[in-house]
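*Asks:* Handing you a structure now.
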Amino acid sequence: MRVAVLYFKNGSEKVKKIASYLSRGVESLGHQVTLIDAETDSDAKLTIYEYVIVGTISSSFFSGKISDKVSVFLQNAGRVTGTKCYAFIVKNGPFVQKSLHLLMKSMEKEGMFLKISDTISTPEEAELIGKKLHIK
């Protein structure tokens, strides 16, 4: 299955590292994975992917807000309605659940079918999650 791992660094290299470990875990299940930095590859289209993983980090330590780039990218990413997906937020501050809620809301607004979501602390945790995702 073709899987896109889409991440928004928002100034944090930790997001990129976690996304790459997550993609490594998904690849170990035999899926074809493409890692997309949404901030530099803003023209990427998600239409060809059967499963999409989206992750980011909150804009600041004391805020649960996420970057507006997430919703803008998803609006311009081609047809994503009905696409199965997974959302993750890198743990950063006390409002991580609010950040996750806002990310899921942005994805569902575009018609994506959200199967599961998580907050992730470490790259090792991300790889384990990737190995256990039920991508079908």
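The values are calculated or read from the model by the stated rules, or taken from the named source; none is laboratory data. Quick caveat, the model's predicted, so the values are computed rather than measured. Glycine also receives a Cβ, built like all others from the backbone with ideal geometry; neighbour counts cover every protein chain displayed.
*Asks:* Could you list, in sequence order, the residues of the stretch 39-58 that are buried (at least 17 other Cβ atoms within 10 Å of the Cβ) and either in contact with a Ser or Thr (Cβ under 6 Å, 6 or more places away or on another chain) or over 15 Å from Asn10 (Cβ atoms) (or both)?
*Replies:* If the condition is that a residue be buried (at least 17 other Cβ atoms within 10 Å of the Cβ) and either in contact with a Ser or Thr (Cβ under 6 Å, 6 or more places away or on another chain) or over 15 Å from Asn10 (Cβ atoms) (or both), then Ala44, Leu46, Tyr49, Tyr51, Val52, Ile53, Ile57, Ser58 are the ones that fit.
*Asks:* Considering each residue of the stretch 66-91, count those that are under 15 Å from Ser12 (Cα atoms), in a loop (DSSP other than H, G, I, E, B) and free of Cβ contacts under 8 Å to residues at least 40 places away in the same chain, and give that number.
*Replies:* 1
*Asks:* Among the residues of the stretch 1-42, which ones are among the basic types (Lys, Arg) and over 21 Å from Glu125 (Cβ atoms)?
*Replies:* Residue satisfying the conditions is Arg2 alone.
*Asks:* I'm trying to understand the selection: among the residues of the stretch 102-113, which are in contact (Cβ under 8 Å) with a residue 24 or more places away in the chain and surrounded by fewer than 16 Cβ atoms within 10 Å (Cβ to Cβ)?
*Replies:* Across the stretch 102-113, the qualifying residues are Lys109, Gly111, Phe113.
*Asks:* Hey, among the residues in the stretch 123-136 that are within 15 Å of the chain's Cα centre (by Cα) and part of a loop (DSSP other than H, G, I, E, B), which one's modelled with the highest pLDDT?
*Replies:* Leu133
*Asks:* Follow-up question, since we're still on this one. Tell me which residues, restricted to the stretch 1-40, are under 26 Å from Phe61 (Cβ atoms), touching an Asp or Glu at 6+ places or on another chain (Cβ under 7 Å) and either among the small types (Gly, Ala, Ser) or at pLDDT below 95 (or both).
*Replies:* Residue satisfying the conditions is Lys9 alone.
*Asks:* So, Asn92, is that one under 23 Å from Glu125 (Cβ atoms), among the polar types (S, T, N, Q), under 13 Å from the mean Cα position of the chain (by Cα) and crowded, with 17+ Cβ neighbours inside 10 Å or not?
*Replies:* no
*Asks:* Can you pull out the residues in the stretch 64-89 that are surrounded by 14 or more Cβ atoms within 10 Å (Cβ to Cβ) and polar (S, T, N, Q)?
*Replies:* Ser67, Ser71, Thr83
*Asks:* Listed residues Ala4, Ala19; which is among the aliphatic types (A, V, I, L, M) and not in a strand (DSSP E or B)?
*Replies:* Testing whether each residue is among the aliphatic types (A, V, I, L, M) and not in a strand (DSSP E or B) leaves just Ala19.
*Asks:* Check off (1) closer than 16 Å to Lys69 by Cα; (2) touching a residue at least 12 places away in the same chain (Cβ under 8 Å) for Lys14 and give me the number that stays unchecked.
*Replies:* That leaves (1) as the condition not met.
*Asks:* Output the residues belonging to the stretch 11-38 that are buried (at least 17 other Cβ atoms within 10 Å of the Cβ) and over 20 Å from Asp118 (Cβ atoms).
*Replies:* none
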